[in-house]
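Notes follow the structure.
The values are calculated or read from the model by the stated rules, or taken from the named source; none is laboratory data. Please read these numbers as outputs of a predicted model, since none were measured by experiment. Note that we place each Cβ from the backbone using ideal geometry, even for glycine, and neighbour counts take in every protein chain shown. Areas reflect the complete protein model, heavy atoms only, side chains present, ligands, DNA and RNA absent. Shrake-Rupley method; radii C 1.70, N 1.55, O 1.52, S 1.80 Å.
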Amino acid sequence: MTTTPAHSDPARSDPESSGGASTERLTFWEEATRWTLSVDHKKLGLMYIAAGLVFFLIGGVEAAFMRLQLMKADAGIIDPETFNQLFTMHGTTMVFLVGMPILLGFGNYLIPLMVGARDMAFPRLNAFGFWLFIFGGILLYFSYIGSQGLYGAPSAPDVGWFAYAPLTSRTFSRGNSTDYWILGILVSGFGSMTTAINFIATILCMRCPGMKLMRMPMIAWMMLVVAGLVLVAIPVLTAAQAMLLLDRSLGAHFFDPETQGSAVLWQHLFWFFGHPEVYILILPAFGFVSEILPVFSRKAIFGYSLMVAATVGIGFIALGVWAHHMFVIGMGPVLDSFFAAATFLISVPTGIKIFNWIGTMWGGRLRFATPMLFVTGFIAMFVIGGLTGIMLATVPMDWQLSDSYFVVGHFHYVLFGGTVFGIFGAIFYWFPKATGRMLDDKLGKWTFWLLFIGFTLTFMPMHVSGVLGMPRRVYTYEADRGFELWNMISTIGVPVQMAGILVFLWNVVRSLRKGEIAGNDPWDAWTLEWATTSPPPEWNFDRVPTVTSARPLWDLKNPEDPDAHYE
Amino acid sequence: MRTMSNEASVVMSATTTMPSRAKVGMASLIFMESAFFAAFLVTYLYYIGKSPDGPQPLDCLELGPVLFNSACLIASSVTVVFAVKSLARGAVGAFRLWMVVTILLGLEFLVGTGIEWRGLIEGKGLTLQSNAFGTTYYALVGFHAFHVAIGLLMLFGMLLLSLCGCINPKRDHMRVDIATWYWHFVDVVWIFVFTLVYIIGKVPQGGSL
Ligand SMILES: [Cu+2]
């Protein structure tokens with residue numbers, strides 16, 4: 001290894017120097033200009049993550065208002081129209097403006113560093129994709145002020161994040177709030193697609209010498225599969241949205257049942273995108289777990305090649321399960337059985353991953369620093385979310401539970417307990433690399449436990465209220481249904497989660513100014529990003545590294561027993 | 001720290017086999033566009049024979065003109081190969097000539113589609129709003145024509161670059177080759193669209209697949 005050795009170059013480790021390139025002080029505007037015009041994958045990655053966190057706060061506030069309204073029966077805090085807008089914007093924001101950009105942001109930041117490249121394959125395309133995402137996000141939220149409807153028409157989209165037809169037709173959705181929904185997602189979708197092309201080209205073409213495919217960090221594999229899913233799924237959503245736009249703007253009849261259009265077709269097209277989207281949101285988090293878990297267990301990942309196979313397998317099966325979201329529309333026994341079976345099948349490669357992670361921890365020297373806590377929490381909660389997913393894939397159970405709060409509980413276990421916990425683990429793990437300073441571990445543990453307890457309080461009772469029959473997307477309920485206790489507990493969890501987020505924000509602000517200096521490799525890790533300085537210079541590596549195994553830094557630190565001997 | 005330069009020379013040679021990012025990027029773009037068109041093709045298929053009222057495919061779509069347009073588009077896929085081959089030989093003049101021929105053929109396809117559409121709108125009264133057939137027909141053929149236009153812009157851009165002397169045959173012929181993949185893709189999509197719309201889709205009213 002020929003990169004700068006750890007701690008030997010104090011000037012480089014100084015987080016004040018921007019990107020290790022220069023030490024001169026920049027004014028705020030010079031700094032802002034530099035970030036805006038940047039095509040550096042690291043700056044773009046950090047901007048993705050920062051923008052995603054801002055939208056996360058907005059989406060969280062929307063959820064908090066909904067929980068406030070549902071706290072007790074017949075609460076009159078929020079009117080039904082506003083409630084519809086809240087759950088639409090919450091869902092749309094969390095999927096398209098939080099999950100995707102933060103995960104793509106991590107991919108942007110990490111892929112070149114981890115495969116030993118100096119930048120992405122197409123840096124300018126990368127910047128283009130980022131600004132498209134920002135523009136799409138602003139367009140969606142601009143509907144609150146820019147959308148001028150007819151009398152009584154809503155200002156923000158209110159058709160749910162999946163925008164079922166015919167609710168989206170001109171007849172039922174007047175004004176132009178739905179057009180804002182279409183265009184905002186369309187534009188940010190173009191951003192995701194350019195990013196996916198970049199990921200694939202970078203991973204396949206820009207690896208450093210010796211970085212064979214089967215030596216890549218797990219996260220690179222996960223991102224490769226995610227990029228493939230984006231390339232198949234997002235264009236189908238784009239096509240469906242183009243059709244919807246034609247319906248609304250030019251009087252076409254794609255989805256209008258009154259004029260031979262089919263509302264079911266929209267569901268098929270949407271969920272053909274929508275289910276792979278779930279894996280787009282979870283696979284990068286699987287990648288975080290697969291990187292963090294070995295380092296804090298002091299063991300190489302268990303069953304690397306099986307893990308790769310499982311990831312690719314998930315990628316393929318994920319394309320054939322979409323109609324499990326549609327059991328209640330009456331597809332008939334053949335299609336129902338097919339999609340139920342395909343969904344059961346996908347739990348096999350997912351189960352393989354869980355076992356591999358447990359195998360990695362088994363017999364390891366576990367160290368529960370904050371990243372490890374989040375990752376362990378991830379595994380526990382993802383298993384719960386996965387099991388309720390199998391329940392929902394069982395057709396008769398789905399007929400009972402579909403569109404109830406049970407479903408809300410299920411996918412929040414997957415996307416919050418899974419994806420968001422993975423993201424927090426990743427932030428705590430890679431923050432030192434990106435900034436040169438550690439996040440405070442004690443505050444981090446506060447964040448974890450507050451989020452964990454708040455999360456469980458909010459989402460565990462939803463399974464119960466769902467089984468009791470509480471439907472999704474209702475703005476209120478009557479007192480005698482037995483929902484009150486469970487909804488009260490759900491709402492009590494909200495301030496606990498908010499406290500966790502506040503502690504996290506305080507941690508970031510404090511650590512940026514006076515966090516402990518991280519050095520190049522604070523976790524004693526094994527992947528390439530820890531070989532360069534923290535933060536890395538703009539060119540990533542002074543000399544492009546050469547690797548001989550899947551754990552290049554292990555080989556470097558243990559020249560007497562390199563991994564290469566066992567390959 | 002230990003250097004690995006001795007091993008580096010060995011492994012270096014292995015990395016030269018990594019695919020070119022331009023090829024992978026273009027292939028990904030084409031893959032993505034295929035998914036986009038697949039959605040429209042499936043939608044068209046789904047709505048075949050589901051238009052009880054209004055103009056019907058059997059009465060509206062004539063094979064004659066569209067066969068000529070299709071022949072032009074397919075021929076343009078051949079001429080663009082000649083253009084790339086000429087550039088690889090260093091024959092810049094021949095390259096420009098074949099590019100002009102390709103662009104003219106592509107333009108003919110667009111103009112031909114325009115004429116066909118005018119006939120449909122004015123003669124048969126078929127519009128996007130008529131029925132499911134009109135909706136899916138104009139959307140599918142229209143989005144394809146839109147992609148032909150994008151492809152034409154790319155070809156035209158390369159012709160301009162060549163005219164201003166910015167294309168160096170030795171250095172750039174691979175890039176030009178990769179850019180023309182898109183044109184071939186647009187061509188292949190048309191074969192699918194043509195088969196679906198003008199052959200499979202012309203079932204009598206009431207019949208469905
Ligand atoms: Cu699904």
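Would you point out the residue of segment A:256-269, among those that are in contact with a helix residue (DSSP H, G or I) (Cβ under 6 Å, 6 or more places away or on another chain) and more than 10 Å from chain B (Cβ to nearest Cβ), that is most open to solvent (accessible area, probe 1.4 Å)?
A:Pro257
Consider A:Ala310 against the criteria (1) open to solvent by less than 10 Å² (accessible area, probe 1.4 Å); (2) away from the ligand (no atom under 14 Å from the Cβ); (3) part of a helix (DSSP H, G or I); (4) farther than 22 Å from A:Leu103 by Cα: it satisfies all of them except one. Which criterion is unmet?
Every listed condition holds for A:Ala310 apart from (4).
So A:Ile280 ticks every box in (1) open to solvent by less than 10 Å² (accessible area, probe 1.4 Å); (2) facing chain B (nearest Cβ under 8 Å) but one. Which box is left unticked?
(2)
Could you tell me which of the residues A:Ala550, A:Ala518, A:Ala525 is closer than 18 Å to A:Phe296 by Cβ and touching a strand residue (DSSP E or B) at 6+ places or on another chain (Cβ under 9 Å)?
A:Ala518
Conditions tested, residue by residue: (1) more than 7 Å from chain A (Cβ to nearest Cβ); (2) loosely packed, with under 12 Cβ neighbours inside 10 Å; (3) at pLDDT below 85.
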residue: B:Glu7; (1), (2), (3): no, no, yes
residue: B:Ser13; (1), (2), (3): yes, yes, yes
residue: B:Ser20; (1), (2), (3): no, no, no
residue: B:Lys23; (1), (2), (3): yes, no, no
residue: B:Phe40; (1), (2), (3): no, no, no
residue: B:Cys60; (1), (2), (3): yes, no, no
residue: B:Val66; (1), (2), (3): yes, no, no
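Given the structure, is A:Tyr304 within 16 Å of the ligand (Cβ to nearest atom) and out of contact with any strand residue (DSSP E or B) (no Cβ under 6 Å at 6 or more places or on another chain)?
So A:Tyr304 does not fit the description; no.
Is one or more of the residues making up segment A:234-255 within 9 Å of chain B (Cβ to nearest Cβ) and closer than 20 Å to A:Ala309 by Cβ?
The answer is no; no qualifying residue exists.
Let's see how each residue does on (1) among the acidic types (Asp, Glu); (2) away from the ligand (no atom under 15 Å from the Cβ); (3) farther than 24 Å from A:Leu110 by Cα:
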{"position": "A:Lys299", "(1), (2), (3)": "no, yes, no"}
{"position": "A:Pro333", "(1), (2), (3)": "no, yes, yes"}
{"position": "A:Ala342", "(1), (2), (3)": "no, no, yes"}
{"position": "A:Gly351", "(1), (2), (3)": "no, yes, yes"}
{"position": "A:Phe355", "(1), (2), (3)": "no, yes, yes"}
{"position": "A:Phe374", "(1), (2), (3)": "no, yes, no"}
{"position": "A:Phe378", "(1), (2), (3)": "no, yes, no"}
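Does at least one position in segment A:44-56 carry a residue that is among the hydroxyl-bearing types (Ser, Thr, Tyr) and within 30 Å of A:Ala434 (Cα to Cα)?
So far as segment A:44-56 goes, yes, one or more of its residues are among the hydroxyl-bearing types (Ser, Thr, Tyr) and within 30 Å of A:Ala434 (Cα to Cα).
Is it the case, given these coordinates, that A:Phe273 is away from chain B (no Cβ under 13 Å) and either crowded, with 23+ Cβ neighbours inside 10 Å or not acidic (Asp, Glu) (or both)?
no
Which residues, counting only those in segment B:122-149, are more than 10 Å from chain A (Cβ to nearest Cβ), within 18 Å of B:Gly49 (Cβ to Cβ) and outside any helix (DSSP H, G or I)?
Within segment B:122-149, B:Leu126 is the sole residue that qualifies.
I'd like to know if segment A:194-212 contains one or more residues that are away from every other protein chain (no Cβ under 13 Å), part of a helix (DSSP H, G or I) and open to solvent by 10 Å² or more (accessible area, probe 1.4 Å). Even if it seems obvious, please write down each step before you answer.
Step one: list which residues in segment A:194-212 are away from every other protein chain (no Cβ under 13 Å), which gives none.
Checking segment A:194-212: not a single residue is away from every other protein chain (no Cβ under 13 Å), part of a helix (DSSP H, G or I) and open to solvent by 10 Å² or more (accessible area, probe 1.4 Å).
Kindly indicate which of A:Ile134, A:Ile77 is open to solvent by 10 Å² or more (accessible area, probe 1.4 Å), among the β-branched types (Val, Ile, Thr) and at pLDDT 95 or above. Working first, answer last.
Values: A:Ile77 fails: at pLDDT 95 or above.
Step by step, each of A:Ile134, A:Ile77 is checked, and only A:Ile134 is open to solvent by 10 Å² or more (accessible area, probe 1.4 Å), among the β-branched types (Val, Ile, Thr) and at pLDDT 95 or above.
Within segment A:389-436, track down each residue that is open to solvent by less than 20 Å² (accessible area, probe 1.4 Å) and assigned to a loop (DSSP other than H, G, I, E, B).
A:Gly436
Looking only at segment A:535-544, decide whether some residue is touching a helix residue (DSSP H, G or I) at 6+ places or on another chain (Cβ under 7 Å) and open to solvent by 10 Å² or more (accessible area, probe 1.4 Å).
Scanning segment A:535-544, I find at least one residue that is touching a helix residue (DSSP H, G or I) at 6+ places or on another chain (Cβ under 7 Å) and open to solvent by 10 Å² or more (accessible area, probe 1.4 Å), so the answer is yes.
Would you check which residues across segment A:252-285 are among the charged types (D, E, K, R), modelled with pLDDT under 95 and either within 16 Å of the ligand (Cβ to nearest atom) or out of contact with any Asp or Glu (no Cβ under 7 Å at 6 or more places or on another chain) (or both) and list them?
If the condition is that a residue be among the charged types (D, E, K, R), modelled with pLDDT under 95 and either within 16 Å of the ligand (Cβ to nearest atom) or out of contact with any Asp or Glu (no Cβ under 7 Å at 6 or more places or on another chain) (or both), then A:Glu258 is the only one that fits.
Could you identify the single residue in B:Phe133, B:Phe156 that is surrounded by 13 or more Cβ atoms within 10 Å (Cβ to Cβ), under 29 Å from B:Gly25 (Cα atoms) and among the aromatic types (Phe, Trp, Tyr)?
Numbers: B:Phe133 fails: under 29 Å from B:Gly25 (Cα atoms).
None of the others qualify; the one that does is B:Phe156.
Among (1) touching a helix residue (DSSP H, G or I) at 6+ places or on another chain (Cβ under 8 Å); (2) more than 12 Å from the ligand (Cβ to nearest atom); (3) open to solvent by 10 Å² or more (accessible area, probe 1.4 Å), where does A:Phe288 come up short?
Failed condition: (3).
Taking segment A:233-279 as the search range and keeping residues that are part of a helix (DSSP H, G or I) and among the charged types (D, E, K, R), which one is farthest from B:Leu140 (Cα to Cα)?
A:Glu277
When A:Ser511 is evaluated against the numbered criteria (1) open to solvent by 30 Å² or more (accessible area, probe 1.4 Å); (2) closer than 30 Å to A:Ile58 by Cβ; (3) touching a residue at least 12 places away in the same chain (Cβ under 8 Å), which criterion, by number, is the only one it fails?
Going through the list (1) open to solvent by 30 Å² or more (accessible area, probe 1.4 Å); (2) closer than 30 Å to A:Ile58 by Cβ; (3) touching a residue at least 12 places away in the same chain (Cβ under 8 Å), A:Ser511 breaks only (1).
Kindly establish whether A:Ala499 is open to solvent by 30 Å² or more (accessible area, probe 1.4 Å) and closer than 30 Å to A:Tyr164 by Cβ.
no
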